[in-house]
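Visitor: Let me give you the structure first, and then I'll get to my questions.
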Amino acid sequence: MMRKLIVFLLVVALVLLAFSVFGRTKLIMAVHWSDYQVEGVKDKNGNLIKKGLRQYVEEYMALHPDVEIEIQSVPFDEYLKRILISHTSGEIADIYVLYSLWGVQLVDSGILNAPPKDVVDKVKSDFVKPAVDGVTIDGKIWGVPIEVDNYALVYNKKLLKDAGFDNPPKTWDELVEMAPKLTKRNKDGTISQYGFAFLSGWDSAVVHPYLALLYSNNGKFLKDDFSECLLNSKEAIEALEAELKLFKNGGTDPAASVWNFPAGKIAMMIMAPWYETSLKLGFKDRYEETVGVSPIPYLKKPTTVGYTWFIAVDNASKNKKIAWDFIKWMALNDSNGFTRMGELMAKNIGAIPPKKSDIAYFTGELNDLYTSVFVDELKHTYQEPNVAQGQEIKTILMREIVEAWNGRKTAEKALKDAKKQIDEILAEFY
Amino acid sequence: MSKNKKSRKLLEFIRYFVIIFGAFWMILPFFWLFSASLMTPEELLADIPKWLPAKPQWSNYVEVLKRIPLLIYYKNSFIVAGTVTLLVIITSSLAGYSFAKLRFPGRKLLFRFVLSTMMFPVFIFLIPVYYLMKLFGWLDNYLSLIVPFAVSGYGIFLMRQFVMTIPDELLDSARMDGASEFRIYISIILPLLKPVIATLAILTFIGQWNSFLWPLIVTTSAQHLMTLPVGISRLSLAFSTTETQHLILAALVYQVIPMVVVFLYLQRYYIKGFVLSGFGNI
Amino acid sequence: MKYGSSYRKTTLAGYVFLAPAIFFYSLFFGFPVIFSLIVSTKRWNMLIPLSKARAVGFFHYKYLLNNELFMHSLLNTLMYSLITVSISLTIALILAVLINNAKFSILWRFIYFTPVVTPQVAIGTIWGYLYRPNNGLLNSILKLFGLKPVYWLTDPNVVLFSVMITAIWAGIGGSMLILTAGLKNIPQDYYDAAKIDGAGPFKQFWYITVPLLKPTLLFLTATGMIGAWQVFDLPFIMGRNAPIKSIMTVSWYVYETAFQSLRMGRASAGAFLLFCVIFSVTLIILWIFRRGGIEGYE
């Protein structure tokens, strides 16, 4: 009798176990973060001092024992490739962290799941405008913004003081005037200290600062319905010519590299929030007295440009409801005045959370010497247009701008050539 | 007599001068890697590369072990690179012997076909081969890391060229003694190919050891299979690599050392080939 | 009579030994190639199902052959492969011969091989420093001779050559390894006989070493060319700040078209065009080497 009972109980236990294993929902979350961003920051003794994504995920799983979340981390350079290659064979993630421009392609191909109405409403009301624009594709909202970036002027206070400048330039004309005075040359003509350096090497680096100038000149990059490229406008040409002034008067040249700023070889540059750690490492205890940040010098009105990262759900996911539930728990709902995603961004990753309440809450991290200016400038930030083939278009513009920088094309010709190629692409989609 | 001796000494001097001068330029980045892996992140930010660390940061090597499961990566990389190398040597030498010494209809065409497999850019294969891996259910398995590389046109071509240098007479006399082709392959061909096999082994092993994109795509969902390059990439942070650069460099040293060991170990096979003098007139 | 049966035996063995390779290729080469051929006739962004992709026939091929950037890429890659392969092979041959019987030959062989095992970041750092316009190593040397600085990686007239120099440097080690294997294969008897006949080192090199290395040289030239025509990493990493027309290679174009512009159809067409070029070039090389390289070895 006892034996039969024990066997019965064992069978029941096994069946329950099987159910719990099979009944468990598995979510796959794809992210471009790695190392301590995912695993958390630990001190010398291995104790956790800053939470990483994994800690939040484990918290959620503890609250929902029937859910398992697997984090798949892919380096940024390979992220989109990985999605494309595995998606064609049906290997998908349930949750994606995405760069806004990648989102356009995914939405157009029906890959993303339209968020539930309550999510959409909360995004519209609780997040800063550039971030909301960032997740708006073809007029609809497709995810929850989790990171917003923009650009500002970063300068070397000491080099400026040495040349007699107490303040950074406010307008672009002031920048054009100051830069050559901050440039030092060697006898052979090469530059040993750059007054100004443009960010370069990939599409956003070159295009975003140009767009900031364009918008500050009251110009537009594309028509609102994306049917035409407007780079042939007077404002667009003026904006590029404003950049070229720096090349012509010796304030910079195409060989300038912003990566030499921590070595003290650059006086001013346009930079984004993610460079802070390198600056702190480069200047060490001279950081506070050397690094200065101010809004991008503008043409007609203060403006800067931004881009967004957001979190979304795959339309082919079998667990859409649970996925959105996790996203709400992580990035939308306040727990003690802040969102967990906001905490991850501000404390661990060192980025700017786009939720208004998070920005107000994390003053400690966001109000420092460097980041505070970027945060403050959110009010002047315009999200880059969420246009199809965004990267292809930006690459074309980047290459034309670089031609102009090198004096091989006039601003007008470069923009005209860019417009021609971009219009061809726009015609395919709009 | 002395004039000859003088000119020979001069030639010898020039010879070693050229060798050493070239060697210096060859080893510079390799040396820098080891040196830089002992630096602090600040030292690595200098615009002109520093050649020696102010104080060697041996802790970098310890820190890497704390952050990533290096032993698992080593195991996976060894299994994958080792198996692929073995498979490539077997298939290449068999096919190389076939193309070089055996006559059959279609030989020329098949050889051209094998050559053409090397002529497509790799990215074209990513999507279809991934699909095959999914179809066979190999995505969770070493098989997806090994099988797609088991045969190498490069290896077949290399083996063929070297097998061709083996005199036919040697093989014919073995055939007349009744040896099967397979016997000839094992007893005559393989032993004579020692330096080539070592070369192909080194190059294949290194190619697989350093392979990044394919293993990344395949092991993102099978993290227990990650190889060294994929594992090390988890140390790089998208826009702030400067923070972990010193760790990445130390991790790269961990990655480089086994290749050096394999290379040095296989040098024993670079011996003079067969001596012809025992085989009469040719 | 005995040749009859042994002929049948060798024929059978020929196919049997090839069987694993052929089977492998039909799966891992045949399928992807046919797949890509089909894709090259469609407009596909890899996100919508392939069955829903619009068919466009040979549109992509026509587009590419009329596209300025693609044609520039072809030209750049042509120059790159011709110059890199010929110079790299020549230097590797000379060095391999010099090192072959030298003292500490294993040490030298190892040192010359290190670029092959050196990670990209180290190569990029050192060569980046060499090529830096302001107080980079090369320009400092030029300054010593009173010459003007060169903008190695941003000047469109120079950037391709700068990348070629790095590529030549990186490729020497691998070629040397194979040449060493080839050299070890040459019987010492030949050299001994030549010395007795009074031939000096240069004559020995030209009349013994080079001819007997023909199979190896053919291999290195052919595979070198095939590899050079597909070059991607070095130009992509070193040339990002140079005007694109002066540095883009065909592989780079295909890669960008596929994974940045999400135009897999056009990229596949580009890959096939590249294949046609490489195939033709290889046929030419095989023809040049025809005596003593491919059919029969003397």
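Visitor: Please specify each residue of the stretch B:130-153 satisfying the condition of being without any contact (Cβ under 8 Å) to a residue 40 or more places away in the chain and in a helix (DSSP H, G or I).
Guide: B:131, B:132, B:134, B:135, B:136, B:143, B:147, B:153
Visitor: Related question: Which pairs do you get when a residue that is touching a residue at least 24 places away in the same chain (Cβ under 8 Å) and closer than 17 Å to residue B:184 by Cβ, found in the stretch B:74-100, comes within reach of a residue that is of a type in the set (Lys, Arg) and buried (at least 20 other Cβ atoms within 10 Å of the Cβ), reach meaning Cβ atoms under 6 angstrom, with the pair 6+ apart or on two chains?
Guide: B:96/B:160; B:99/B:160; B:100/B:160
Visitor: If I filter the stretch A:162-182 for residues that are surrounded by 23 or more Cβ atoms within 10 Å (Cβ to Cβ), within 24 Å of the chain's Cα centre (by Cα) and not assigned by TED's automatic domain parsing to the domain that holds residue A:138, do I get at least one hit?
Guide: No: the stretch A:162-182 contains no residue that is surrounded by 23 or more Cβ atoms within 10 Å (Cβ to Cβ), within 24 Å of the chain's Cα centre (by Cα) and not assigned by TED's automatic domain parsing to the domain that holds residue A:138.
Visitor: Would you call residue C:224 in contact with a strand residue (DSSP E or B) (Cβ under 6 Å, 6 or more places away or on another chain) and either assigned to a helix (DSSP H, G or I) or more than 14 Å from chain A (Cβ to nearest Cβ) (or both)?
Guide: Against the criterion (in contact with a strand residue (DSSP E or B) (Cβ under 6 Å, 6 or more places away or on another chain) and either assigned to a helix (DSSP H, G or I) or more than 14 Å from chain A (Cβ to nearest Cβ) (or both)), residue C:224 does not qualify.
Visitor: Please find, within the stretch B:169-184, the residue that is surrounded by the fewest Cβ atoms within 10 Å (Cβ to Cβ) out of those that are of a type in the set (A, V, I, L, M, F, W, C) and under 32 Å from the mean Cα position of the chain (by Cα).
Guide: Among those that are of a type in the set (A, V, I, L, M, F, W, C) and under 32 Å from the mean Cα position of the chain (by Cα), it is B:182.
Visitor: Please count how many residues of the stretch C:155-190 are of a type in the set (Phe, Trp, Tyr) and either closer than 30 Å to residue C:244 by Cβ or at pLDDT 90 or above (or both).
Guide: 2
Visitor: Sticking with this structure for a sec: What is the number of the single condition among (1) more than 28 Å from residue C:75 (Cβ to Cβ); (2) away from chain B (no Cβ under 14 Å); (3) of a type in the set (Phe, Trp, Tyr) that residue C:161 does not meet?
Guide: Every condition holds for residue C:161 apart from (1).
Let's see how each residue does on (1) assigned to a strand (DSSP E or B); (2) more than 25 Å from residue A:148 (Cα to Cα):
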residue	(1), (2)
A:188	no, yes
A:200	no, no
A:210	no, no
A:227	no, yes
A:268	yes, no
A:278	no, no
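Visitor: Of all helices (runs of 4 or more DSSP H) completely enclosed by the stretch B:1-116, which ones contain at least 2 residues that are closer than 26 Å to residue B:209 by Cα and β-branched (Val, Ile, Thr)?
Guide: B:59-67, B:70-101
Visitor: Residues of the stretch A:205-252 being among the hydroxyl-bearing types (Ser, Thr, Tyr) and either more than 17 Å from residue A:410 (Cα to Cα) or touching a residue at least 40 places away in the same chain (Cβ under 8 Å) (or both), which ones?
Guide: If the condition is that a residue be among the hydroxyl-bearing types (Ser, Thr, Tyr) and either more than 17 Å from residue A:410 (Cα to Cα) or touching a residue at least 40 places away in the same chain (Cβ under 8 Å) (or both), then A:210, A:215, A:216, A:227, A:252 are the ones that fit.
Visitor: Given the options A:416, A:347, A:409, name the one that is surrounded by fewer than 21 Cβ atoms within 10 Å (Cβ to Cβ) and within 14 Å of another protein chain (Cβ to nearest Cβ).
Guide: Only one candidate passes the filter, namely A:409.
Visitor: Would you check which residues across the stretch C:241-256 are farther than 19 Å from residue A:84 by Cα, among the hydrophobic types (A, V, I, L, M, F, W, C), more than 7 Å from every other protein chain (Cβ to nearest Cβ) and not in a loop (DSSP other than H, G, I, E, B) and list them?
Guide: Within the stretch C:241-256, just C:250 meets the criteria.
Visitor: I'd like the full set of residues that are exposed (fewer than 14 other Cβ atoms within 10 Å of the Cβ) and either under 29 Å from the mean Cα position of the chain (by Cα) or facing chain C (nearest Cβ under 9 Å) (or both), limited to the stretch B:26-48.
Guide: The initial filter retains those residues of the stretch B:26-48 that are exposed (fewer than 14 other Cβ atoms within 10 Å of the Cβ), namely B:46, B:48.
The answer is B:48, and nothing else.
Visitor: Go through the stretch A:53-76 and count every residue that is in a loop (DSSP other than H, G, I, E, B), over 17 Å from residue B:236 (Cβ atoms) and within 13 Å of chain B (Cβ to nearest Cβ).
Guide: Taking the stretch A:53-76 and keeping what is in a loop (DSSP other than H, G, I, E, B), we get A:64-66, A:74-75.
Filter again for over 17 Å from residue B:236 (Cβ atoms), leaving A:64-66.
With within 13 Å of chain B (Cβ to nearest Cβ) added as a condition, the list becomes none.
Number of matching residues: 0.
Visitor: Looking only at the stretch B:154-167, count how many residues are facing chain C (nearest Cβ under 8 Å) and in a helix (DSSP H, G or I).
Guide: So the answer is 6.
Visitor: Which residues, taken from the stretch A:234-263, are more than 9 Å from chain B (Cβ to nearest Cβ), in contact with a strand residue (DSSP E or B) (Cβ under 7 Å, 6 or more places away or on another chain) and of a type outside the set (A, V, I, L, M)?
Guide: So the first thing to find is which residues in the stretch A:234-263 are more than 9 Å from chain B (Cβ to nearest Cβ), and the list is A:234-256, A:258, A:261.
Now drop any that are not in contact with a strand residue (DSSP E or B) (Cβ under 7 Å, 6 or more places away or on another chain), which leaves A:246, A:251-253, A:256, A:258, A:261.
The answer is A:251, A:252, A:253, A:261.
The values are calculated or read from the model by the stated rules, or taken from the named source; none is laboratory data. Small disclaimer: the values here were computed from a predicted structure and weren't measured. Here the Cβ is made from the backbone with ideal geometry for all residues, glycine too, and neighbour counts use every protein chain on show.
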